[in-house]
Structure formats: C-alpha cells, structure tokens
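As structure tokens, the structure follows; a few thoughts come after it.
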C-alpha cells in the first residue's frame, strides 16, 4: 500500500514537470519564429520559379534545396532555415540598349545582388531574418542607378513666455535677427513668405484660414527678415493669455552616400521647432493705481485729554484738491469736528471732538478729488493714564534698585557659604574612599572565616 502511494506521488510529479516543459518549449518555439509572407509583384509563377518578363527569373532555396512549391502569399519561417533567392537575368533583345542592370526591390527598398566569384554561378540574395518580417513585396527593375530614400526628423525644443504689447491697435514686430526667448517662440508661429492667421483653441493658438475667427494675424516680410503681428477681432477685450504646444516645420537638407551596386542612399533631414509657450496679448494699457499722498506732520501723534490742545496734521497734497472728506476709523467726520487750511493741506481735529472720542489708537484718512488719499494713525490717552505711567516708572526704578541690592547681598552670602563648605567633588572622593575600605574589610573577613571553616573540617 505504501509503495502504491509513493508511485502515485512520483507519477504526479513527473506529469507536472512534463506539462511545464511542454509549455515552456511551446513558448520558446513561438518566440523564435519569424514568419514572412512572400508576394511576387509583377511576376509569373512557374514550376519552381518566378519569371519577371524581360528582366529576371527567381528561385527560392531553403538551405541547399529548391522550394518547388513556390507561390504568391506563401509563408516561410526565416528562423527555421536559411532562405535565399537565386536570380537569373533575362536579356531583353526587343529594344536596343535596354539591357541595363537589374535591381532587386523589396517593400520599395533596393538591395544589391551578390554574385559568386565562381564563373557561371548565378547571383544570390539571402533573406536575413534580422532585416525582414511581415509581408515582403518582391519585384525587379531595370535601372543603372537606384535611390533608397529615408527621412530623419530633428526637433529643436524651446520654451517661450512674455507679454506682447498690442495696445491701441499697435503692431508688434517679430525680428528674426533676434534670439531672445519671446522672439524665438513667436518665430515658430510666423512664415516670412506667408500671411498666417491663428484662432483660439481651448487655451492655445491654432492656425486657421478663416480670418473672421482669428485672434491674431502674422504677415511675413522676407526681404526685411521680419514679421508683423497684429490683433484682430479684439472687440472689448483688454488682454488675452494663450498657452500650449506648437510645432512648425523649418526646413530640410539632403545627404547622399556612395553608391553600392548602383544603389545610392538618400537621407533627408527634416527640421522642426517644438515650442511650449505662454503669451499674454495686451490690448489696453492697465490702469495704474494713483500714488497716495503722505503725512509730513502729525504721524502717530498722541493726544492727551485735558492736556493737549487739538491735533494738527499736515499732508503734501494740494489744498485745492482737498475733497472736504475726513475719516476716522473709516467713518466720515462732520465738518464741525475739524478745521482745514492750505499749506499744502492742513487738517486740525478739534479738542471738543477728541475729548469725546474713545481712548486708544485710531486711523485718520483724508480724501482728495484726484482719487488719492492720505492715511496715518494717532492715539488718544487720558491724563490719569500718563500720571499712572509716571508713577509706575518711579516704582519700577525703586523695584529695580531693590532687586539689585538684594542680588548683591545674596551674592555675598553665597560667597561666604562657598568658602565655609567643602566642594562637592571633595565629598565624593571621601565617600568613595570609605566605600572602598568597607568592601576590602568585608572581603578580608569572608576569607578569614572560610579558612577557619576548612580547619574545623580537617579536625
């Protein structure tokens, strides 16, 4: 019974590992495949080869074996074996001078055909698994020179932020000779050869051909190397903010490699500017708050009831502009509570008004007809408070003197005590010595007692 159980467990373990192995093997196999579909464009299928009229015959080999069942849309695995084309050129005798060199073209890309050094051998082309995948459109052309063209994009990333002054219909000049942050960003929206319009798109700007929906217009002037930016359809707007991402094509360049088997690599480099921007278009000048007038006399003055006479304040504002408005704690005063006169502007708060006002700090504001104000603080105190304040000062002086004397006396007493008492460090040393002697005595007594016990045991 026990053996049966052991065999059953062993069987389950083997089955488990077998399944894992099969799954992993299948996964590896699937990952290692590179299946391609062959499409022989312009070719006629015969038994074992493809014929391109008056150009070439093509055979497919798997290793050293000819694939006889060659067909359009056939699928082969380039990782399964080495596949190659064997090519035989067909001379065209129908047209004089027509026998130019032939070029193999796969997916609109030309490939050189390798010819063996052995005389009489046919040109071959290996289907490299690292180069090909998917569907392969295979065709041939007669041409002495063929061009493989590729495009590479190059991006110049910039950021731009600033205020564009367009107040009162003003034009803004984008000078292409400048390289500051704002100008570089605006350049990406302009074309020296064109007139461009931009509309609002969410928070940003988007090119449009419809002038009626545009918010800005940019007219290029190549001869002067500049562009003129103006606002359109402003209506009643005072300003607008636009921010976002903009990309503009700025030009291209061509590069050519040396020919390989009559095939030239042509590389085109396209250049773009990618701009992250935040522009503020100012259509009207912002209103500047008027500067406030200042108090030249009476700032933070203290009025004492039954001691002071009125409270006089002087302001650097023109008396002709005085609006006959005086505020205390933001409450408009009746004109009977103050006097005013020129020189620049003088305001006198009357004694009768101040006596009836609350004790404490207050704010005084004087208004002028040009929209400017003057603001300061003043304080009202009682006479008794001042007297108490003087008394408190005298008491404080006496207390301070008393404290000083007390401190002096306590200092002398401390000095005397210090001279009479031993230092704490000395006490610690004495205590430690006594403790050590006591321990040594105890140990000695224990030793003597043990020796006596041993002697008694012997006897």
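Take the residues in the range 170-180 that are in a loop (DSSP other than H, G, I, E, B) and touching a strand residue (DSSP E or B) at 6+ places or on another chain (Cβ under 7 Å), then tell me which one is surrounded by the fewest Cβ atoms within 10 Å (Cβ to Cβ). Across the range 170-180, the extreme among qualifying residues is 171.
Residues that are closer than 15 Å to residue 247 by Cα and assigned to a helix (DSSP H, G or I) within the range 184-214 comprise 184, 185, 186, 187, listed in sequence order.
Residue 247 satisfies every condition listed in (1) in a strand (DSSP E or B); (2) surrounded by 14 or more Cβ atoms within 10 Å (Cβ to Cβ) except (2). Within the range 365-383, the residues that satisfy the criterion of being buried (at least 16 other Cβ atoms within 10 Å of the Cβ) and in a strand (DSSP E or B) are 365, 366, 367, 368, 373, 374, 376, 378, 380, 381.
With the checklist (1) closer than 30 Å to residue 229 by Cα; (2) buried (at least 18 other Cβ atoms within 10 Å of the Cβ) in hand, flag the one item residue 311 doesn't pass. Every condition holds for residue 311 apart from (1). If we scan the range 154-169, do we find a residue that is assigned to a loop (DSSP other than H, G, I, E, B) and either under 24 Å from residue 271 (Cβ atoms) or out of contact with any strand residue (DSSP E or B) (no Cβ under 8 Å at 6 or more places or on another chain) (or both)? No: zero hits. For the range 32-54, a residue qualifies if it is closer than 26 Å to residue 133 by Cβ, in a loop (DSSP other than H, G, I, E, B) and touching a residue at least 24 places away in the same chain (Cβ under 8 Å), and the qualifying residues are 33, 34, 41, 42, 43. Number of residues in the range 211-228 that are in contact with a strand residue (DSSP E or B) (Cβ under 7 Å, 6 or more places away or on another chain) and loosely packed, with under 15 Cβ neighbours inside 10 Å: the value is 2. Quick check on residue 324: is it in contact with a strand residue (DSSP E or B) (Cβ under 7 Å, 6 or more places away or on another chain), assigned to a strand (DSSP E or B) and loosely packed, with under 14 Cβ neighbours inside 10 Å? Answer is no for this residue. When you check residue 87 against the structure, is it crowded, with 16+ Cβ neighbours inside 10 Å, in contact with a strand residue (DSSP E or B) (Cβ under 8 Å, 6 or more places away or on another chain) and either outside any loop (DSSP other than H, G, I, E, B) or assigned by TED's automatic domain parsing to the domain that holds residue 250 (or both), yes or no? Criteria met by residue 87. Does residue 241 satisfy the criteria of being crowded, with 16+ Cβ neighbours inside 10 Å, in contact (Cβ under 8 Å) with a residue 24 or more places away in the chain and in the same structural domain as residue 158 (by TED's automatic domain parsing)? No: the conditions fail for residue 241.
The values are calculated or read from the model by the stated rules, or taken from the named source; none is laboratory data. Source: prediction; values computed, not measured. We place every Cβ from the backbone using ideal geometry, glycine too, and count neighbours over all the protein chains shown.
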